[in-house]
Structures are given as C-alpha cells and as structure tokens.
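Bear in mind that the values in this text are calculations on the coordinates, not laboratory data. Since this is a predicted model, take the numbers as computed values, not measurements. Backbone-built Cβ (ideal geometry, glycine too); neighbour counts: all protein chains shown.
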Ligand code: FAD
Ligand code: DHB
C-alpha cells in the first residue's frame, strides 16, 4: 500500500490528524492495534480548551459537541471541605467545553467513514522498518504481513506504542516524574453533584467531581499507586468522596452504581525531540501529563494542529520550514502544560512523604490562589488553554 502519511494509532491524535489531512487532500492510512469497539469503550478525558473546541469545529467534527457538550465558565477549588470559584470568563475571557474524549473519538470515526478514510483495525506487530530515505511501516492482519510506504510517519500510538521506541535511544532524551499515587475514576448515571467541576484538596487525599452530561457524573479519588479498582466497592467510593468534597456539595451528592471504574497512574513525561528523520510524534506518544490540569487530550490536539499544518505545507506546497520547526514549536507548548499540570498536582494532592513544612507551603499556595486575582488569572489562562 502507498500513501502520503501513515499514522500509527487511532486515538484522538491519530484520528484528528487523519481527518484534517484528508480534508486538505492529503492521503493517509491509519494503523490501530485494537478493534474500533475497544477504542470506543475507553473512558478518558472530559475537558476541552477553547482552542481544541475550535479545532474540532474546523475539522468538521463539532456538530454533536456543540449540541451535547456544555460550556463551563469557571471551576471550583476545594480545601478542607470549603471551596472557592475561579471565574474563567472574568479572569481571561475564555471558557472550556465539557465533552468526553469517547464522544470525540466517535465523532471522528463517523467523519472519517464519511470521507472514506482508510483505518486498519487490529493491525498487529506494527513495525517501523525505514524512516530515513523513505517511510515504510509493516503490520500483520490475520496471517498476512503487510507494508505501507509513505512520505511521512505520524507516531500517534500513545505512551506504550512503538513509535517513540523506534527512535534510537541515543537520539532522544526523556524527562520523567512518576507520582506516588493514582486516580480511581468512577462513571455513574446520576446527576452531577455540582454544575461545574470541583478539584478538592483534602487531608485524606485529592478528589475531583466532574461530569459528562445532566445524568452522567464522573468522579475521581486519589488512591495509592498500584491500587486495584476491585478493592473499592461503589459504597466505599461514594463514602470517601463525600468526606473529601466541600460539605455544601457532599450533602447533595447522589450515589449510584458505577458503570465504569478504573485506576490511572499519574506521571509527567516528555521525550525530545518529537521528530526523527521522517517520523513525527504527537500526543501521548511524546508526552504524558498527570490529569490534574486536564491537559493530556488538549496537548494531543495542539500537536496535531501544528503537525497537520506542517505536513500540508510540505506535501502541497513543497515548503518544509514548518515541518523542520515542528518539534521545537510543539515542545515549547508541551513544557508549559507539563509545568501547569505538575503545579496543579502538587498543590492539590497529599504526598505520602509530605512534611509539615510542605503542608504549610501547600496551604499558602491555595491561599494565594483563593485571594489573588492575578494568581486566578494565571490559572484561568492555563486551564482554558494557551494560544497555539
Ligand atoms: P491514545 O488515546 O493513547 O491513543 C493511542 C492509540 O494508539 C490507541 O488507540 C492505541 O490502541 C493505539 N496503539 C498503541 N500502540 C499501538 C501500536 N503498537 N500499533 C498500533 N496502534 C497502537 N487526560 C485527561 O485530560 N483527563 C483524564 O481524566 C484522563 N484520563 C486518562 C486515563 C487513562 C487510563 C489514560 C491512558 C489516559 C488518560 N488521559 C486523561 C490522557 C488522555 O486521555 C490522553 O492524553 C489522550 O488519549 C491522548 O491521545 P492520543 O491519541 O495521543 O493517545
Ligand atoms: C476530567 C478529567 C480530568 O483529568 C480533569 O482534570 C477534569 C475532568 C473528566 O474525566 O471529566
């Protein structure tokens, strides 16, 4: 098979890249290890920066998001069962959209079907065979080994994919921080506890109250790293959530049977550069943020915006400047998000080795955000998304 861009991974990064390229007349082949049903069963991120909203609209996948998503003009931070609100619109004139990653992926699949895009599912043992002179990627479907020849490879295969590891170890530098806790997430068909998201710091650990719709709540609890979700009954989860949320919200919390329960580890990770020869990394393949800043999906979308623009300039106009600048341009934004997510995580979680000094610093940090408009503006600018 021959194409212009072979894309490894059909998560939001790979599907969106394919969608933007196809609409610009650039041919793509997407290779995904799992089935479409599996990809669509993953419950992940829920908050879209305004730039992401506009990017999805511009890619022709905004219709359902604009009907079913909900615009949020603020967020609350909780501390020791009290809380305060940060007004995004007042602080920076922007807002966020709450619309699940699963729904975005579904919309992208439908849009790709309508364009007749090529997405190969259950593509096993994907291997990058050549990425210098030309780009060659091989994979197995059924019992047959197949090859795709392309001008470029987009590595959109997430943190555990093959793309990043295909770059020789001496040609990349990795930066990492692993946090000593995870998030236990529960999806529940009950009305959300509050109309906006609440990120709560509590002596028993962090909690987040989020949502997917008027009758679909998403809640998270900080748990020790390596926790098995089966250790937590629904009743125990909601009892603990009530303890950690602001009292005003906890009394209104409606518990219900979980329809999904999983634990996500927390990590900050960046690989540099995001390019090697004809291979370009985008999304979780190149970087991971802890979910506290709601940046993972948004960063993947920003990478795709830069990469799509650069690939189109090269393949349509023969202008390679943006492609050569891609890694530096993407990494500048990535490090801002890494910093913000690390800061939110540090301010809101209870660390197992937290000393009384660390504790007071954390309280002072929250107090600064609670009482300073300037501090709230910085948070609002970062949360709603830095400009591309
Ligand atoms: P992915 O969504 O990981 O997609 C990569 C795709 O590549 C997958 O479909 C995978 O099956 C495929 N793939 C992998 N290996 C191969 C291979 N060898 N060959 C072919 N295909 C391959 N972010 C938030 O902001 N909030 C959250 O609450 C949140 N929760 C998360 C929970 C979990 C368990 C995880 C893993 C991530 C979470 N994130 C969250 C982060 C956010 O979901 C990601 O940043 C986002 O999915 C990145 O999109 P992506 O397309 O780069 O990668
Ligand atoms: C959700 C996840 C996040 O990581 C976050 O910061 C906000 C919301 C969510 O799943 O709804």
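Orientation-averaged projection of the chain equals 19.2 nm² [convex hull of Cα atoms, one quarter of hull surface area]. For the range 1-147, the share of alpha carbon pairs falling in successive 10 Å distance bins from zero is 10, 33, 28, 17, 9, 3 percent. Normalising the Debye intensity of the range 74-185 to I(0), with uniform scatterers on Cα atoms only, and taking log10 at q = 0.10 Å⁻¹ returns -0.60. Residue order for 8, 251, fewest other beta carbons within 10 angstrom first, comes to 251, 8.
Using every pair of separate Cα atoms, the Kirkwood estimate puts the hydrodynamic radius of the range 74-128 at 15.7 angstrom.
Can you tell me the 0 to 90 degree angle between the C-alpha axis of helix 12-23 and the longest principal axis of the chain, rounded to 10? Compared with the principal axis, the helix lies near 50 degrees. Ellipticity at 222 nm from helices only: DSSP H runs of n ≥ 4 in the chain, each -39500 (n - 2.57), divided by the residue count, give -11500 deg cm²/dmol.
Over the range 285-387, all Cα pairs binned in 5 Å intervals from 0 give whole-percent P(r) values of 2, 12, 17, 17, 15, 12, 9, 6, 4, 3, 2, 0, listed from short to long. As I understand it, the value is the acute angle between the Cα axis of helix 296-317 and the longest principal axis of the Cα atoms of the chain; what does it come to in degrees, rounded to 10? Roughly 20 degrees between the two axes. Counted over the chain, the DSSP beta bridges are approximately 75% antiparallel.
Across q = 0.25 Å⁻¹, the range 199-285 modelled as identical point scatterers on its alpha-carbon atoms has Debye log10 I(q)/I(0) values of -1.38, in the order of the q list. Sorted from greatest to least, the principal axis extents spanned by the alpha carbons of the range 120-169 come out as 30, 26, 16 Å.
For the range 177-331, the percent of C-alpha pairs falling in each 10 Å distance bin, counted from 0 to the bin holding the largest distance, reads 10, 32, 24, 17, 13, 3, 0. Cβ crowding within 10 Å ranks 248, 295 as 248, 295, fewest other Cβ atoms first. For the range 2-86, the spread of Cα coordinates along the three principal axes comes to 59, 27, 20 Å, biggest extent given first. If you count the DSSP beta bridges with both ends in the range 122-194, what percent of them are antiparallel, to the nearest 5? Bridges in the range 122-194 that DSSP calls antiparallel: roughly 100 percent. Put simply, when 65-73, 86-94, 209-217 are sorted by average Cβ atoms within 10 angstrom per residue, most first, you get 209-217, 86-94, 65-73. In this entry, the range 45-91 is assigned a mean projected area of 4.5 nm², taken as a quarter of its C-alpha convex hull surface.
Against the empirical curve 2.2 N^0.38 Å, the C-alpha radius of gyration of the range 1-47 lands at a ratio of 1.25. If you run the Gaussian network model on the chain, springs between alpha carbon atoms under 10 Å, then out of 226, 161, 185 the most flexible one is 226. Does anyone have the angle between helix 101-115 and the longest principal axis of the chain? Alpha-carbon axes, 0 to 90°, nearest 10? Roughly 30 degrees, rounded to the nearest 10.
Kirkwood radius, the range 272-337, all distinct C-alpha pairs, inverse of mean reciprocal distance: 12.1 Å.
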